Amino acid sequence: MIIMIDKYNQQKEEDKLRQILSSTKINAPENLEHRIMRQIEAENALVPRNGKRIKESGNLLKEMGSIFGIMYAVLAVMIAGVYFLYGKEFLFTPQFVGAVILVASIFSLLWLISRLDSHLREKKRIR
Amino acid sequence: MNENQRVQQVLSGNTSAFAYFVETYQDMAITIAYRICGNMQDAEDVVQESYVKAFRNLRSFRSDSKFSTWLYRIVYNTAVTLTKTQIWIGNRGAVAAEEVSHLADNTPELNMDENERKEIVTDVMQKMPAGDALLLTLYYLEDNPVKEIAKITGLNEPNVKVKLFRARKLFREMVVSNWGVQITGS
């Protein structure tokens, strides 16, 4: 019985506090909703730009694939030519390994330049 | 239409459907932000930033939880980050409670009109430590259960219960110490 009375009093007290504190809720200014929605709509307008970014990253892979694809094709032709003309042993000579490194370096440099170029173009476009 | 359906609407590209969430929860969001920031200008900025964050990350909202809890958590984090305050550190409230505890007894209860009561309650809420005022706001204004408050504030449930108990006690005692009355309902 005492427990029930205690619970009743506690509940009464809680209800009293709830009633009292309900007056402290702050009303948002009238223009806040408008401000928020305007910013969200502006953010949303940027979505197609994000789509373009995805496309750009696709272009990056394509560009990388084409440059290094040509590089591997050139290396394959070189290896095949050397193999048939000078035999297997020549493939392991320092001259041939040096030639392979030179070709790989040239193509890497080419890829680096093309990346730098597209980066600068993108930067210019954003400005 | 329930909230999950509205979320799906927004995700499918209907941006204006998001206005429902702004309209429904902006008052409580600004109240939470105000309790932490202490001024309206920052509170408005926090709420605006929080809604934009919520919109951006709507895909990460799990429909098994309440939208309000998820949003208030964002508001709480944004406000705490902005103000760079540790709202759960410091025992200002505990000291205040000790100082005024002797006043709580034998004080006459006064019935007062709505405006006067509102003035007293608002004043006390502003003087209370931010964390305590925030807990009372979340618990009594929105009827959030302890579990939801724990999710919003990042505290564990027993901790919320203890802090809520102390906040309640401090609130009553501060009303008595600052205004010399015990507030009663009309």
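Laboratory data are not the source of any read-out in this text; all were calculated from the coordinates shown. What you see is a predicted model, and the numbers here were worked out from it, not measured in a lab. As a convention, Cβ positions derive from the backbone with ideal geometry for all residues, glycine included, and neighbour counts pool all protein chains shown.
Key figures
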read-out: Gain in span if fully extended, A:N27 to A:L109, counting 0.36 nm per residue against the direct Cα distance; value: 23.4 nm
read-out: Using a Förster distance of 41 Å, the FRET efficiency for A:Q19-B:L11 (Cβ separation, nearest 0.05); value: 0.60
read-out: Label-point gap, in nm, between B:F165 and A:A76 - each point 7 angstrom along Cα→Cβ; value: 7.6
read-out: Per-residue average of Cβ from other chains inside 10 Å of A:27-39; value: 6
read-out: Residue pairs, from the table B:K127/B:K161; A:K25/B:K66; A:K12/B:K84; B:K53/B:K169; A:K12/B:K127, whose Cα atoms sit over 32 Å apart; value: A:K12/B:K84; B:K53/B:K169
read-out: Ranked list, fewest to most other Cβ atoms within 10 Å of each Cβ, for A:D6, B:D64, B:D123; value: B:D64, A:D6, B:D123
